[in-house]
Amino acid sequence: MRILIAPDKFKGSLSAREVAENIELGLRSVLRDADVAIAPMADGGEGTAEVICNALGGSLVKCKAHDPLGREIGARYAWIANRKLAVMEMSEVAGMRRLSKSERDPLLATTFGVGEMILNAAQNGARELIVGLGGSATNDGGFGMARALGFRFFADANELTGTVSALKNLTEILATVAANARPARTVSPASSKTQPTRLPPQLKIVAAVDVQNPLLGASGATRVFGPQKGATDDKIDVLERALAKLADVVSKEFGVDYRGEPGAGAAGGLGFGLMSFCGAKIRPGFEVVAEATDLESKMENFDLVITGEGSLDRQTLEGKTAAGIARLARKLGKRVFAVAGCTDGNRKVRELFDGVYVLGQPRMSEGEKMKRAAELLREKAQELAKSL
């Protein structure tokens, strides 16, 4: 029997590789003659750069950037030299993991550091760039990123360089030719196929997303994800108005309107920002990672596939790794099983798999599950193996 193990991370507990390795240990303790291989996966969230880097034999590049509150930090992204491909995660500089719980405030958080990383990759000769949009602490629609790339934002004669709330007064957007140069109006990224003058025109950018939310509205970036980033009801109204004005002015200045595009609301509207200011293409993160790692060709050589992630729930269906693995396995006629930290019992999710194994006992707390995740994964893998 040939078994492929292709899980995502268990967020806050184990990386995708650690999940895969523990499942493998559990399987091998029962199925001693099985041919088992691991293929750690991601869906555009945290871990995406590491997965692609390891699969393609890349290296890590370090650069200076600024965190969500403007503090200078050291950042890293993956570099695949033979393809001139850079793979980065916005959460590396603008993620929740960069802030303490008391520091979380999407009115103050900025994506400026994301723009700095993009510029660094461009200066290193990148021709392709993948940006994973997950784990964000921001809700600025790419305002900070665009400023780092040379765009300037004005409310009449006053330049806006502060927090995202200032965008409610936005009237004009300009792009500089170079640092300290006189601003000149930018042309539409969509109509001209050009990008900001601080980026080379041949640079192709893909935004890898694991959600399909638009920028605005009840299912938009602010109302769905703002509360978990620290936005109270009054701040949500301010943020929504600011992003709506940003979308209005982008439409007027550039002649494009991406506010309703699936994924525009990813990472606090950074999906919208990357499309509007960088001519980026939004793609499901799982598809990006699967393509980069040649997952389909690998899977064809196995009889059975095991995937997993921290939570199997309704969001799993919106582009998460477990659903992507299940659909690809079904396409290839393979049996597929999932191991999860928890599940909400969603029927459509369960129907994707031949079996679902949930860590722990019914009364075990989430904290205990996270502490004992490696041990519990091995136990569930043993249970799965015995059923085969």
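The values are calculated or read from the model by the stated rules, or taken from the named source; none is laboratory data. What you see is a predicted model, and the numbers here were worked out from it, not measured in a lab. Glycine gets a Cβ as well: all are built from the backbone with ideal geometry, and neighbour counts include every protein chain shown. Areas reflect the complete protein model, heavy atoms only, side chains present, ligands, DNA and RNA absent. Shrake-Rupley method; radii C 1.70, N 1.55, O 1.52, S 1.80 Å.
Please tell me if Leu25 is out of contact with any strand residue (DSSP E or B) (no Cβ under 9 Å at 6 or more places or on another chain) and under 18 Å from Gly135 (Cβ atoms).
no
Since Ile80 meets every condition but one in (1) loosely packed, with under 15 Cβ neighbours inside 10 Å; (2) farther than 29 Å from Arg372 by Cα, which condition does it not meet?
(1)
Step by step: first the residues of the stretch 285-332, then only those that are among the β-branched types (Val, Ile, Thr) and in contact with an Asp or Glu (Cβ under 8 Å, 6 or more places away or on another chain), then the one that is nearest to Ala49 (Cα to Cα). Which residue is that?
Val289
Among what's in the stretch 230-243 and is more than 14 Å from Arg259 (Cα to Cα) and in contact with a helix residue (DSSP H, G or I) (Cβ under 7 Å, 6 or more places away or on another chain), pick the residue that is most open to solvent (accessible area, probe 1.4 Å).
Val238
Return the only residue of Leu160, Leu216 being open to solvent by 30 Å² or more (accessible area, probe 1.4 Å) and modelled with pLDDT of 95 or more.
Going through Leu160, Leu216 in turn, just one is open to solvent by 30 Å² or more (accessible area, probe 1.4 Å) and modelled with pLDDT of 95 or more: Leu216.
Mind telling me which of the residues Glu379, Glu291 ends up being surrounded by fewer than 21 Cβ atoms within 10 Å (Cβ to Cβ) and over 20 Å from the mean Cα position of the chain (by Cα)?
After ruling out the rest, the residue left standing is Glu379.
Just a yes or no: is a residue in the stretch 327-338 open to solvent by 30 Å² or more (accessible area, probe 1.4 Å) and over 23 Å from Met1 (Cα atoms)?
No: the stretch 327-338 contains no residue that is open to solvent by 30 Å² or more (accessible area, probe 1.4 Å) and over 23 Å from Met1 (Cα atoms).
What are the residues in the stretch 293-328 that are part of a helix (DSSP H, G or I), of a type in the set (D, E, K, R) and modelled with pLDDT of 95 or more, if any?
Hits for the stretch 293-328 are Glu296, Lys298, Arg327.
Which of the residues spanning the stretch 300-331 are among the polar types (S, T, N, Q) and touching a Cys at 6+ places or on another chain (Cβ under 8 Å)?
Ser311
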